[in-house]
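These notes are about the structure you will find just below.
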Amino acid sequence: MDLFTYKNDELYCEDVPARQIAEQFGTPVYVYSKQTVIEHYRQIATAFAPVNPTICYSIKSCGNIHICKVLAAEGCGFDVTSGGELYRALQAGGDAKKIIYAGVGKTDEEIRYALEVGIAAFNIESEEEAENIDRIAGMMGKKAVGALRVNPDVDPKTHKHTSTGKKETKFGVDIERAEAFFAKYKSLQNLRIGGVHIHIGSPVYEIDPYVQAVKKVTALIDRLMLEGHHIEWLDIGGGFAVNYMHKEQAKPITEHAKALLPLLAGKPYRIAIEPGRYIIGNAGVLLTRVLYRKIGGNKRFVIVDAGMNDLIRPALYDSYHYIWPVRPDAANVPTERNREHLPRSGEIVDVVGPICESSDYLAKDRPLPVVKRDDLLCVFTAGAYGFAMSSNYNNRRRAAEVMVDGGKAQLIRRRETWEDLVAAERV
Ligand SMILES: *Cc1c(COP(=O)(O)O)cnc(C)c1O
């Protein structure tokens with residue numbers, strides 16, 4: 001579900017024409033729909049309501065403070081992966097008691113900061129990290145709480161760069177070592193390990209990998225409890241896929257819930273979930289303007305003003321993003337939903353950015369309606385890992401971000417300036 005739809009032959013975000021946003025705020029620009037963000041959060045909360053889960057939004061997917069505030073107001077907690085993300089979550093008014101902190105390489109400084117502000121729990125990824133958190137908490141006179149991130153060794157069938165729950169990825173501790181881990185660290189003075197965490201990858205399209213992982217980990221918890229460990233919560237991670245194109249058919253969260261709830265219901269411990277993409281993926285788009293067209297060999301190129309520094313997913317993971325003109329010719333206005341794939345009349349093009357790298361593309365060999373200089377294109381499903389992964393490469397200013405709420409479009413991050421580009425440097 002999303003609220004980017006074609007009305008009167010042009011694209012709207014909620015009740016605002018995309019064209020108007022591009023004119024007012026310039027391009028490239030990320031545009032988010034507030035109602036879509038809220039709707040997706042509520043879908044998850046409703047689907048998993050029978051186990052009353054703690055939902056922690058994965059801030060790394062899209063961390064704009066305004067967006068985090070919208071979610072915090074819904075009662076959402078946060079999943080952070082660095083000290084910077086923790087700072088961001090707190091700036092957004094996030095409740096430290098609902099913040100969990102994952103990541104294989106937490107520094108002493110980051111651990112101290114998290115203990116100072118009193119986060120809910122660390123998701124612990126190694127033996128050495130557990131010992132270090134215990135040591136730092138002891139020095140500070142604090143009591144730390146943690147969950148062990150277990151690597152359940154399932155194949156999430158996602159891109160190798162985004163698979164995290166198979167053996168031989170750097171994440172978590174092998175499930176065979178989990179019991180020894182709990183036994184070894186049962187009586188640490190300053191760190192209480194009271195939970196188990198998994199996160200198998202992202203995006204995960206299939207339900208079965210979650211089912212396999214949850215089965216393995218609930219069985220592990222049963223054994224741990226028999227061995228006398230007190231387990232208070234299970235965090236099943238995030239990774240729930242969204243539709244990047246029509247035919248992928250990512251499963252709605254209700255389907256995941258239907259398969260997982262029987263495995264989770266009635267357990268004597270709480271359930272946490274860490275969705276990122278599912279909440280923000282389809283709630284954001286990237287608007288970009290056509291700069292030039294050209295022909296090279298047998299290829300036609302459409303050169304746009306957004307590049308891999310703005311949206312790196314195609315270059316990094318070969319990701320597919322549906323792209324369509326904001327104001328298509330009458331024959332090519334998408335009907336039904338806005339994910340139509342083949343133009344009734346058009347051409348096959350590569351949509352590329354201005355950056356000096358051959359991998360700087362947004363789409364390859366893509367059938368599109370014919371577009372010309374100054375036309376606007378919309379790159380759909382760009383909300384997650386879009387702005388969040390953007391950079392200043394080629395000394396490009398990072399894009400503006402705009403939030404639409406009904407008929408209102410509000411700037412929630414200004415476009416960077418050339419001064420911003422050099423501001424941190426010392427000559
Ligand atoms: C990235 C990440 C998530 C969120 O993944 P999504 O695909 O955005 O839902 C959740 N938990 C952990 C530990 C992560 O690293």
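The values are calculated or read from the model by the stated rules, or taken from the named source; none is laboratory data. Predicted, not measured: the structure shown is a model, and the values here were computed from it. For neighbour counting, all protein chains shown are included, and Cβ atoms are generated from backbone atoms with ideal geometry for every residue, glycine included. Remember, those area values only see protein heavy atoms, side chains included, never the ligands or the DNA or RNA. Shrake-Rupley method; radii C 1.70, N 1.55, O 1.52, S 1.80 Å.
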- Scan segment 89-107 residue by residue and report those that are part of a helix (DSSP H, G or I), open to solvent by 60 Å² or more (accessible area, probe 1.4 Å) and more than 15 Å from the ligand (Cβ to nearest atom). GLN91, LYS97
- Provide a single number: the residues in segment 292-309 that are out of contact with any helix residue (DSSP H, G or I) (no Cβ under 8 Å at 6 or more places or on another chain), in contact (Cβ under 8 Å) with a residue 60 or more places away in the chain and part of a loop (DSSP other than H, G, I, E, B). 2
- Query: Can you name the number of the only condition in (1) touching a residue at least 12 places away in the same chain (Cβ under 8 Å); (2) open to solvent by 50 Å² or more (accessible area, probe 1.4 Å); (3) farther than 28 Å from MET245 by Cβ that LEU3 fails?
  - Reply: (3)
- Query: Considering only residues of segment 59-110 that are under 16 Å from GLU125 (Cβ atoms) and among the polar types (S, T, N, Q), which is nearest to the chain's Cα centre (by Cα)?
  - Reply: THR81
- Query: So how many residues does segment 243-263 have that are open to solvent by 10 Å² or more (accessible area, probe 1.4 Å) and within 15 Å of the ligand (Cβ to nearest atom)?
  - Reply: 5
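If you check ASP222 against the conditions, is it in contact with a strand residue (DSSP E or B) (Cβ under 6 Å, 6 or more places away or on another chain) and under 22 Å from VAL154 (Cα atoms)?
no
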- Assuming GLY266 fulfils every condition listed in (1) on the phi > 0 side of the Ramachandran plot; (2) within 16 Å of the ligand (Cβ to nearest atom); (3) small (Gly, Ala, Ser) apart from one, which condition is it? (2)
- Message: I'm checking my understanding of the structure. Among residues of segment 166-204 that are acidic (Asp, Glu) and open to solvent by less than 70 Å² (accessible area, probe 1.4 Å), which one is farthest from the ligand (Cβ to nearest atom)?
- Response: GLU179
- Task: Scan (1) touching a strand residue (DSSP E or B) at 6+ places or on another chain (Cβ under 9 Å); (2) among the acidic types (Asp, Glu); (3) closer than 30 Å to ASN332 by Cα for the single condition ASP9 breaks and write down its number.
- Result: (1)
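Pull up segment 50-76, narrow it to residues that are farther than 15 Å from ARG277 by Cα and within 14 Å of the ligand (Cβ to nearest atom), then point me to the one that is least open to solvent (accessible area, probe 1.4 Å).
PRO53
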- Query: Which strands (runs of 3 or more DSSP E) sit wholly inside segment 323-419 and have at least 2 residues that are open to solvent by less than 10 Å² (accessible area, probe 1.4 Å)?
  - Reply: 323-325, 347-352, 361-368, 376-379, 400-405
- Mind telling me which of the residues ILE198, ILE207 ends up being closer than 14 Å to ALA147 by Cα, in the same structural domain as GLY228 (by TED's automatic domain parsing) and among the hydrophobic types (A, V, I, L, M, F, W, C)? ILE198
- Query: So, in segment 134-151, of the ones that are of a type in the set (A, V, I, L, M) and within 16 Å of the ligand (Cβ to nearest atom), which residue ends up farthest from ARG270 (Cα to Cα)?
  - Reply: VAL150
- Message: Suppose we filter segment 108-120 for residues that are assigned to a loop (DSSP other than H, G, I, E, B) and free of Cβ contacts under 8 Å to residues at least 40 places away in the same chain; how many remain?
- Response: 2
- Answer yes or no: is there a residue in segment 275-291 that is assigned to a loop (DSSP other than H, G, I, E, B), surrounded by fewer than 23 Cβ atoms within 10 Å (Cβ to Cβ), away from the ligand (no atom under 16 Å from the Cβ) and not hydrophobic (A, V, I, L, M, F, W, C). no
- Output yes when any residue across segment 10-17 is outside the structural domain of LEU90 (by TED's automatic domain parsing) and outside any strand (DSSP E or B), and no when none is. yes
